[in-house]
Amino acid sequence: MDLRRFVDLYVAETHENIRLLQRSLVDLQADAPEGAVAEAFRAAHTLKGISAAMGYQTVADMAHRLEDSLDEIRAGRLDADAGLIDALLSAADELEDEIAAAIRIGPSAPGLEIDPGAVPARTTVSLSPAPAGTTFVAHVLLDPAAPIKSARAMLIMRSLGEMPAVLGSDPAQFDDSFDGSLRIFLSASADPAAVAVLIRSAGDVETVSVRAPETVPERGGDGGTQPGQGRQVRVDATRLDGLADGLGELSVLYARLQKADIPAGVDGMVDRLGTVLGELDHEMRALRMVPVREVFERLPRVVRDAARSVGRDVELVIEGEDVELDRSILDDIGEPLVHLLRNAVDHGIESTGDRLAAGKPARGRIRVSAERERGSVRIMIEDDGRGVSAARMAEKARAAGLYDRAAPPGTDEELFRLMSMPGLSTAEEVGAVSGRGVGMDVVVSRVRALGGAIDMRTKSGLGTTFRMRLPITLAVAQALRVRVGGEDYAIPLTHVTEAVELDAGANTDGVLRVRGHRVPLVRLRRVLRVSGEGSEEAAVIAEIGDRRAALAVDELVGREQILVRTFDAVTGMLPFFSGATLLADGRPALVLDPLSMI
Amino acid sequence: MARTVLICDDALFMRTMLADILKGAGFEVVGEAQTGAEAVKQYKLLQPDLVTMDIVMPDMGGIDAVRAIVKEHPQARILMCSAMGQQALVIEAIQAGARDFVVKPFQPSRVLEAVQRVLG
């Protein structure tokens with residue numbers, strides 16, 4: 001049999017287990033060593049088993065040795081001191097490399113046949129059959145943001161009470177592995193509408209649909225899918241991207257279609273197209289959501305390594321791992337997060353001696369948390385270190401020729417703007433950990449490229465907090481289309497509060513009065529260096545946090561749905577764009593980043 | 001007549017915050033308890049329409065208090081207040097007879113929604 005069919009599954013499974021292994025190894029020094037050893041052991045054991053099944057004997061042997069060491073620790077025959085944990089962590093790294101190599105090169109013991117049953121398919125939840133007598137099945141999906149979904153599911157089952165129509169549920173028991181989706185089997189005596197109402201009344205329910213039991217669809221054996229009947233399917237992420245791109249283009253086409261002359265008789269179909277597109281878009285977004293855990297779980301290791309290399313004692317607290325983000329956004333924030341964390345360890349947290357002298361707890365503390373906030377996700381990185389010194393930062397910037405004022409930045413905003421200037425390393429000397437290369441400017445531009453925002457608050461002696469706000473999804477955004485000097489630009493509506501008309505000749509002082517507030521006027525013609533014909537006749541008010549600006553444009557064209565394609569900044573290009581898009585009429589436009597102008 | 005509530009939490013801060021949210025929704029806070037044992041005693045005395053119950057409290061935790069209250073008053077309407085990461089305890093509390101739960105940090109709207117469900 002062809003083992004290549006299982007490679008995708010193997011990759012995913014090993015990835016999970018390597019992360020689990022690393023995380024539990026890091027946990028080994030913390031409070032609950034017993035659980036951590038058991039977890040690490042289990043991960044190594046699984047890695048050994050599935051690698052052997054794939055015929056990757058070298059990997060299996062390495063995993064086996066790790067497993068042995070962990071067994072010794074578990075039995076109390078080996079002491080898990082820092083040195084040993086270091087050694088185990090490097091072994092885990094080597095194991096990861098070896099896995100990558102094995103996947104590239106193929107089995108080290110070619111020709112090994114395996115029984116498909118031997119490949120663990122833990123992630124495949126088999127669809128349990130409906131009990132006899134099932135006439136309806138209630139499909140319930142909990143709000144993805146709902147806390148403790150298993151408890152909510154129990155309440156849902158309880159809300160149906162002793163209703164004799166309830167024959168059972170899938171899953172039958174609710175524990176930590178419950179993902180928020182359940183099916184409830186009902187007999188013919190159930191009133192579907194009444195059942196739906198009762199289920200909703202239990203709270204945190206996103207959707208309920210009561211319908212006839214489905215027949216399990218046949219799954220073809222085409223490489224990507226797993227053997228057997230799976231309710232969950234693992235899909236290569238690039239395929240999802242492809243789908244999302246296609247859907248995005250469809251949405252844009254639909255927007256263009258709406259503007260065209262639609263012959264009578266077809267308009268109904270166009271409306272229907274819009275509805276279906278909306279539903280597809282909703283589904284697509286849900287499909288692309290992944291918990292931030294996937295990135296957060298790498299962080300303990302980052303902090304531990306950084307702390308050890310500079311001799312700091314640091315505790316990392318992680319909260320909100322279940323908060324979900326679009327996968328493409330999550331992929332892009334990993335690096336900025338790692339950078340901010342290393343920075344916090346390297347420059348924020350003081351040495352134990354300094355901390356004690358300052359009357360602080362000996363152990364430094366860094367908290368990383370994620371929280372859903374209406375249409376966005378907020379990620380905070382807080383440390384209780386010494387804070388950023390504005391005076392020292394100004395000195396550095398002066399030395400680098402980036403700052404010419406005598407007084408240091410007076411507000412956190414100014415200080416952060418200074419810190420994020422290209423060419424200014426945040427370290428006084430290049431630190432051993434945060435190192436050269438990635439600076440705060442990269443962090444800021446990465447977050448902005450995602451359509452997000454980042455700010456910083458710092459208090460001398462008390463610590464520093466970075467706050468990132470990220471859109472939940474990237475693909476399609478609402479934007480205001482404007483024209484400046486004959487060219488089209490799109491401004492994402494996320495940051496737009498209103499648009500106003502400009503009186504010709506007025507506002508020459510660079511300030512616009514909007515309802516009694518003085519708002520700085522940014523002349524896009526000047527900023528974007530366009531000189532085509534036309535004159536500034538309108539202004540778009542953009543707001544980020546408590547800062548506002550009025551962007552003067554020639555013309556407001558209207559609101560459009562756009563598909564933003566981010567791009568890496570081209571050298572020499574003005575730094576005011578977050579991406580490009582095709583407008584509804586097919587014309588290309590740059591997407592303005594109001595954040596860069598406020 | 002205002003509906004009555006007994007607030008059980010060992011932290012004054014949490015009690016104050018809950019009282020604030022519930023008063024805003026027209027409840028009358030008739031009692032506060034800082035321990036599970038006190039909660040049981042006060043429930044008997046006050047027979048409130050609603051109880052909010054913290055999970056971790058000294059001198060009999062919230063879950064045991066739920067058991068004790070529900071044993072004598074099966075109709076008791078108890079809302080568990082859990083911290084993050086207390087998944088297993090919340091489940092235990094529900095099995096013990098709690099009607100619903102909210103997770104700290106509290107969002108007033110979520111608390112009131114849960115209260116509606118508990119009383120509904």
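A compact table of results
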read-out	value
Qualifying residues in region A:242-263 (those that are among the acidic types (Asp, Glu) and part of a helix (DSSP H, G or I)) - the one farthest from A:Leu277 (Cα to Cα)	A:Asp245
Number of the exception - B:Leu22 against (1) within 13 Å of chain A (Cβ to nearest Cβ); (2) at pLDDT 90 or above; (3) in a helix (DSSP H, G or I)	(1)
Complete set of residues in region B:72-85 that are within 8 Å of chain A (Cβ to nearest Cβ) and open to solvent by less than 70 Å² (accessible area, probe 1.4 Å)	B:Ser82
Criterion: farther than 30 Å from A:Gln173 by Cα and crowded, with 23+ Cβ neighbours inside 10 Å - qualifying residue of B:Leu46, B:Leu18	B:Leu18
Meets criteria (crowded, with 18+ Cβ neighbours inside 10 Å and either more than 9 Å from chain A (Cβ to nearest Cβ) or within 13 Å of the chain's Cα centre (by Cα) (or both)) for B:Ile91	no
Per-region count, region A:279-300, residues open to solvent by 40 Å² or more (accessible area, probe 1.4 Å) and assigned to a helix (DSSP H, G or I)	9
Residue selected from region A:452-467 under the condition touching a residue at least 60 places away in the same chain (Cβ under 8 Å) and in contact with a Ser or Thr (Cβ under 6 Å, 6 or more places away or on another chain), by the criterion surrounded by the fewest Cβ atoms within 10 Å (Cβ to Cβ)	A:Thr458
Verdict on B:Pro58 being surrounded by fewer than 23 Cβ atoms within 10 Å (Cβ to Cβ), over 18 Å from B:Leu12 (Cβ atoms) and of a type outside the set (Val, Ile, Thr)	no
Residue count, region B:94-106 (criterion: outside any helix (DSSP H, G or I), within 22 Å of B:Asp49 (Cβ to Cβ) and within 11 Å of chain A (Cβ to nearest Cβ))	6
Residue check, A:Leu341 open to solvent by 40 Å² or more (accessible area, probe 1.4 Å), of a type in the set (A, V, I, L, M, F, W, C), in a helix (DSSP H, G or I) and modelled with pLDDT of 90 or more	no
Condition met for A:Arg367 (among the charged types (D, E, K, R) and touching a helix residue (DSSP H, G or I) at 6+ places or on another chain (Cβ under 8 Å))	no
Hits in region A:150-169 (condition: open to solvent by 40 Å² or more (accessible area, probe 1.4 Å), within 14 Å of chain B (Cβ to nearest Cβ) and either aromatic (Phe, Trp, Tyr) or in contact with a strand residue (DSSP E or B) (Cβ under 9 Å, 6 or more places away or on another chain) (or both))	A:Met157
Residue count, region A:308-330 (criterion: in a helix (DSSP H, G or I), touching an Asp or Glu at 6+ places or on another chain (Cβ under 9 Å) and closer than 22 Å to A:Met456 by Cα)	1
Residue match in region A:125-147 (condition: in a helix (DSSP H, G or I), closer than 26 Å to A:Arg288 by Cα and either in contact with a helix residue (DSSP H, G or I) (Cβ under 9 Å, 6 or more places away or on another chain) or at pLDDT below 85 (or both))	no
Single residue of B:Val5, B:Val40 found to be buried (at least 18 other Cβ atoms within 10 Å of the Cβ) and under 23 Å from B:Glu113 (Cβ atoms)	B:Val5
Selection count, region A:170-182, where residues are assigned to a strand (DSSP E or B) and either among the β-branched types (Val, Ile, Thr) or open to solvent by less than 20 Å² (accessible area, probe 1.4 Å) (or both)	2
Yes/no for A:Asp191 being away from chain B (no Cβ under 14 Å) and open to solvent by less than 40 Å² (accessible area, probe 1.4 Å)	no
From the options A:Ser309, A:Ser328, residue that is of a type in the set (Ser, Thr, Tyr) and either closer than 19 Å to A:Asp236 by Cβ or open to solvent by less than 30 Å² (accessible area, probe 1.4 Å) (or both)	A:Ser328
Scan of region B:70-93 for residues that are assigned to a strand (DSSP E or B) and modelled with pLDDT under 90, ordered by number	B:Ser82
Residue match in region B:111-120 (condition: facing another protein chain (nearest Cβ under 9 Å), in a loop (DSSP other than H, G, I, E, B) and over 12 Å from the mean Cα position of the chain (by Cα))	yes
Every pair of residues 6+ apart whose Cβ atoms lie under 6 Å, when the first sits in region B:107-120 and is within 11 Å of B:Leu79 (Cβ to Cβ) while the second is modelled with pLDDT of 90 or more and open to solvent by 70 Å² or more (accessible area, probe 1.4 Å)	B:Val118/B:Arg77; B:Val118/B:Arg99
Residue that is surrounded by the fewest Cβ atoms within 10 Å (Cβ to Cβ), among those in region A:373-392 that are more than 20 Å from A:Ser420 (Cβ to Cβ) and among the charged types (D, E, K, R)	A:Arg374
Residue that is modelled with the highest pLDDT, among those in region A:492-530 that are basic (Lys, Arg) and farther than 27 Å from A:Leu583 by Cβ	A:Arg518
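Yes or no, residue by residue, for (1) modelled with pLDDT of 85 or more; (2) of a type in the set (Phe, Trp, Tyr); (3) under 20 Å from A:Arg365 (Cβ atoms):
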residue: A:His282; (1), (2), (3): no, no, no
residue: A:Arg285; (1), (2), (3): no, no, no
residue: A:Pro291; (1), (2), (3): yes, no, no
residue: A:Arg298; (1), (2), (3): no, no, yes
residue: A:Gly311; (1), (2), (3): yes, no, yes
residue: A:Val314; (1), (2), (3): yes, no, yes
residue: A:Ile333; (1), (2), (3): yes, no, no
residue: A:Leu337; (1), (2), (3): yes, no, yes
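This table checks each residue for (1) aliphatic (A, V, I, L, M); (2) at pLDDT below 95; (3) over 14 Å from B:Cys81 (Cα atoms).
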{"residue": "B:Ala2", "(1), (2), (3)": "yes, yes, yes"}
{"residue": "B:Met14", "(1), (2), (3)": "yes, yes, no"}
{"residue": "B:Val40", "(1), (2), (3)": "yes, no, yes"}
{"residue": "B:Tyr43", "(1), (2), (3)": "no, no, yes"}
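The values are calculated or read from the model by the stated rules, or taken from the named source; none is laboratory data. Every value quoted in this text rests on a predicted model; they were computed, and no experiment measured them. In this analysis, Cβ positions are derived from the backbone assuming ideal geometry, glycine residues included, and neighbour counts consider all displayed protein chains. The area values use the complete protein model at the heavy-atom level, side chains included, leaving out ligands, DNA and RNA. Shrake-Rupley method; radii C 1.70, N 1.55, O 1.52, S 1.80 Å.
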